[in-house]
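Data first, discussion second: the structure below is written as structure tokens.
The values are calculated or read from the model by the stated rules, or taken from the named source; none is laboratory data. Owing to the predicted nature of the structure, the values given are computational and were not obtained by experimental measurement. Every residue, glycine as well, gets a Cβ built from its backbone with ideal geometry; the counts of neighbours run over all protein chains shown.
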Amino acid sequence: MQLKVCLKTIFMLGTGMPKIPISKTQVIASPIEKVFEVLRDVQSCPSWSPWLIVDPDCKLDVKNDYYSWEGAICGSGRMELVEEEANESITYNLSFLIPWKSQANIRISLEVKGDATEVTWTIEHSLSFFLFWKKKSIREHLEADYDRGLLMLKDLIETSLVPSNLEFLGREPSPSFVGVGIKRAGSMNGFEKDIGTSYQEVKDHYPEGQVFSVYYTWDLVKKEVAYFIGVRLDKTPGVIPDGMELINVPGMEVYALRHRGPYRHLRNGWSAGRMHGRAKTFRQSKRFPPFEIYEDENWEEPVVKICLPMK
């Protein structure tokens, strides 16, 4: 009797789980007809998918009205076009099978904004019962995924390409070094502008130094970030500029990947690292925070090595 009651309770909780509604908007500098044409072309969908970019070896099956994927990193799923209104909206069914089962109804709505088009991506996810306790975290990660996808869609339509390329370097040694720079903490809102300002401040003091960043906090739920940005030095400096501080980065083994492209797409690299860790490609250590090294001097379109400390 108790077992029946327990099973009935689980069933009721599972079927009554609240959905996760998400709505994201991006303005694309292109006529509405062209935007609709790209969105309607299922063949082009994988090129701006926020999940497939992290797993270039995944298997794709692309047809006229759907595509499915299966990979060691991005899991498996299927996205199917179910309804369309020319130059107004497109509706998809999205199914995730691995790493967890979930269903989503997707509606992409279009609206003319002068010479541009406003694209609104609305999603309603249904999660499995056992994931209810991770609802907030899953929501924030999904919102970040859809932001990445819309940014790639914007570039694809406006420039005919997605300037975000990932190179998976795998396990490699990272030598110890000394760094001097700025430590900041605050809201994720405006983070890209803030770190750009900090980057320039560091380069004003050390124009020849190689810049790196360490991320102590990156909390998508609380929207909080704490980071250090500075330059690598061969030896400890005698004088440290006002407002700056010194840190020592220990030698360690890291899982490394390289991102090439505009800074706005760098989140693709960090999402790839997170998903590779979740897929157990490597075991991440918490003894030192993850960090990134800027391998060139072009802040607008940097080449960045992302380093995730390993156990």
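General remarks:
- Under the condition of being surrounded by fewer than 19 Cβ atoms within 10 Å (Cβ to Cβ) and in contact with a strand residue (DSSP E or B) (Cβ under 7 Å, 6 or more places away or on another chain), the residues counted in region 295-307 number 3.
- Annotation note: of Val180, Val211, Val225, Val231, the sole residue that is under 29 Å from Leu153 (Cα atoms), modelled with pLDDT of 90 or more, part of a strand (DSSP E or B) and assigned by TED's automatic domain parsing to the domain that holds Phe291 is Val225.
- Some residue of region 261-273 being assigned to a strand (DSSP E or B) and outside the structural domain of Ser76 (by TED's automatic domain parsing): no
- Glu37 vs. criteria at pLDDT 90 or above, over 14 Å from Gly149 (Cα atoms) and more than 20 Å from the chain's Cα centre (by Cα): yes
- Cβ-Cβ under 6 Å pairs, at least 6 apart or on other chains, region 76-94 side of a type in the set (A, V, I, L, M, F, W, C), far side modelled with pLDDT under 95 and assigned to a loop (DSSP other than H, G, I, E, B): Leu81/Asp65
- Residues of region 53-111 that are small (Gly, Ala, Ser) and either outside the structural domain of Tyr146 (by TED's automatic domain parsing) or over 19 Å from Ile28 (Cβ atoms) (or both): Ser68, Gly71, Ala72, Gly75, Ser76, Gly77, Ser95, Ser102, Ala104.
- For region 243-265, the criterion of a residue being free of Cβ contacts under 8 Å to residues at least 60 places away in the same chain and either surrounded by fewer than 16 Cβ atoms within 10 Å (Cβ to Cβ) or within 15 Å of Tyr294 (Cα to Cα) (or both) is satisfied by no position.
- Scanning region 183-208 for residues that are more than 25 Å from Pro250 (Cβ to Cβ), in contact (Cβ under 8 Å) with a residue 12 or more places away in the chain and assigned to a loop (DSSP other than H, G, I, E, B) turns up Met188, Asn189.
- Qualifying residue in region 58-65 (condition: at pLDDT below 90 and assigned to a helix (DSSP H, G or I)): no
- Filtered residue count, region 285-309, keeping only those that are within 20 Å of Ile247 (Cβ to Cβ) and assigned to a strand (DSSP E or B): 10
- Test: residue in region 122-132 that is assigned to a strand (DSSP E or B), in contact with a strand residue (DSSP E or B) (Cβ under 9 Å, 6 or more places away or on another chain), at pLDDT 75 or above and buried (at least 16 other Cβ atoms within 10 Å of the Cβ): yes
- Condition broken by Ile240, with the remaining ones in (1) surrounded by 20 or more Cβ atoms within 10 Å (Cβ to Cβ); (2) of a type in the set (A, V, I, L, M); (3) more than 19 Å from the chain's Cα centre (by Cα) satisfied: (1)
- Matching residues, region 294-308, being farther than 17 Å from Thr197 by Cα and touching a residue at least 60 places away in the same chain (Cβ under 8 Å): Glu295, Lys305, Cys307
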